[in-house]
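Chemist: Here's a structure for you.
Values quoted throughout were computed directly from the atomic coordinates according to the rules given, and no laboratory measurement underlies them. Worth saying up front: this structure is predicted, and the values here are computed from it rather than measured. Because the Cβ atoms are built from the backbone with ideal geometry, glycine has one as well, and the counts that use them run over all protein chains shown.
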Amino acid sequence: MLPSWITRRMLSSGNAPLVMVTDSGGVRTLLLNNPKRRNVLSLEMLEALRDGVTSAPAETRLFLLTAGKEKVFSAGHDLVDLKNNPTEYQRRVFGTASAICLMMQRSPRPFVASVYGLAAAAGCQLVASCDVVIAADTAKFSTPGIKVGLFCSTPGVALTRAVPSKVAMEMLFTGRAISAQEALRSGLVSLMVPSDKLEDETEHVVQSIISNSAAVLALGKQYIYSQMGTTPSAAFKQGTDTMVCNLAHPDAQEGIAAFKEKRAPKWTTPKGK
């Protein structure tokens, strides 16, 4: 999380601290930090977020994406800015957001989102692209572009892969914001907690994840995403190959031995990114 005593390094193309980055205990926290503009995903914000991911040190075990306890996690793209700029600029904005979402899923490290307020449009896209989402009961999620004549096409890519199609289509066609409870039922959210427990529960989940083998987490994450687009037959075959490979890994050997000997395992140190 973000204790006040931690020195925060700010990544931004200008003077504004659009994304605040903290490294602590193998966790890189990315704090969206433009609350006066509802954490709008301008090109500058997106580039700062991308840089916060790509510049992570080798010892990073997990990324935590948050906006703290702001009423708006992110309102999505800056529509006025997009309207007033040429097509090439528009493509750059949408392309950068899409590249970040792909980066999240292709990374061997887990991405966890902690959401207190509203995640709208491309903000919802970011949340839906994370591996694990912890939401306060005050959180809301929406793809409201249809209300201003701009269908949330790129947010829809992440949304339709996170929730059942009927839920996604209702959100996309009406622009209605769903509650944290609805998001939990539909699978957009992993856990929902009282708003005053969000930081504690996020910390608990983060520590639970990074207490496991980084190498095996990476192997498992890569497999789960790669098998999603295959047939069950192909997925089971790939899963068998993955588990056989996993069994030969030193961390699996150590983990099984530790279980048998009733002791805590000592995982190998992750190497590189």
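Chemist: Tally the DSSP beta bridges in the chain and give the antiparallel ones as a percent, rounded to 5. Write out the running numbers ahead of the final one.
Modeler: Details: 11 of 32 bridges.
Just about 35 percent of them are antiparallel.
Chemist: While we're here: As an exercise, use a Förster radius of 30 Å and the Cβ-Cβ distance of Met169 and Ala58 to find the FRET efficiency, rounded to the nearest 0.05. Write down the numbers at each step before the final one.
Modeler: On the way: r = 42 Å, r/R0 = 1.39.
With R0 = 30 Å, the Cβ-Cβ based efficiency is 0.10.
Chemist: Another question, then. Which length gain, in nm to one decimal place, applies between Ser233 and Lys36 when the Cα-Cα distance is subtracted from 0.36 nm times their residue separation?
Modeler: Numbers: separation 197, 0.36 × 197 = 70.92 nm, distance 5.04 nm.
Here the segment from Ser233 to Lys36 would lengthen by 65.9 nm.
Chemist: Using 5 Å bins from zero, what percent of all Cα-Cα pairs in region 11-146 falls into each bin?
Modeler: Going from the shortest bin to the longest, the percentages are 2, 11, 21, 26, 21, 12, 5, 1, 0.
Chemist: Run the simple label-point estimate for Arg91 and Thr268 please: 7 Å along Cα→C-beta, distance reported in nm.
Modeler: With each label point 7 Å from Cα toward Cβ, the separation is 4.3 nm.
Chemist: Can you check what the Kirkwood hydrodynamic radius comes to for region 208-273, Cα pairs only, in Å to one decimal?
Modeler: On the way: mean 1/r = 0.0766 Å⁻¹.
Answer for region 208-273: a Kirkwood hydrodynamic radius of 13.1 Å.
Chemist: Another one. Stretch Lys71-His204 to full length: gain in nm at 0.36 nm per residue minus the Cα-Cα span?
Modeler: Working: separation 133, 0.36 × 133 = 47.88 nm, distance 2.26 nm.
Net length gain for the segment: 45.6 nm.
Chemist: Count the net charge of all other residues whose Cβ sits under 11 Å from the Cβ of Cys101, scoring Lys and Arg as +1 and Asp and Glu as -1.
Modeler: Working: positive: Arg50, Arg106, Arg161; negative: none.
That sum, taken over residues with Cβ under 11 Å, equals +3.
Chemist: Using only Cα atoms, figure out Rg for the chain and give it as a multiple of 2.2 N^0.38 Å.
Modeler: Details: Rg = 19.2 Å, N = 273, 2.2 N^0.38 = 18.5 Å.
Output field value: 1.04.
Chemist: With θ taken as phi - 60° and the coefficients 6.51, -1.76 and 1.60, list the Karplus ³J(HN,Hα) couplings across region 179-196 in order, rounded to whole Hz; mark glycine and proline as x.
Modeler: Each residue of region 179-196 in turn: 6, 4, 4, 5, 5, 5, 5, 7, x, 6, 10, 7, 9, 10, 9, x, 4, 6 Hz.
Chemist: Let me ask something else about it. Can you bin every Cα-Cα distance in region 75-125 into 5 Å intervals starting at zero and give me the percent of pairs per bin, rounded to whole numbers?
Modeler: Spelled out per bin, shortest first, that is 5, 16, 23, 23, 17, 10, 6, 1.
Chemist: Please give the Cα centre distance for region 78-118 versus region 121-142, rounded to the nearest Å.
Modeler: So the two Cα centres are separated by 13 Å.
Chemist: Points 7 angstrom from Cα along the Cβ direction at Phe151 and Arg176: gap in nanometres?
Modeler: Result for the modelled spin labels: 2.0 nm.
Chemist: So what's region 141-273 giving for Rg/Rh, alpha carbon basis, Kirkwood Rh from the mean inverse pair distance?
Modeler: Values: Rg = 19.8 Å, Rh = 18.2 Å.
Taking Rg over the Kirkwood Rh, I get 1.08.
Chemist: Taking the mean number of other Cβ atoms within 10 Å as a proxy for protection, how do you rank 249-260, 69-80, 143-154 from highest to lowest?
Modeler: Taking the mean over residues of other Cβ atoms within 10 Å, the ranking is 69-80, 143-154, 249-260.
Chemist: Next up: Please give, to one decimal in nm, the separation of the simple spin-label points placed at Ala99 and Asp23, each 7 Å out from Cα toward the Cβ.
Modeler: Going by the 7 Å Cα→Cβ label model, 2.2 nm.
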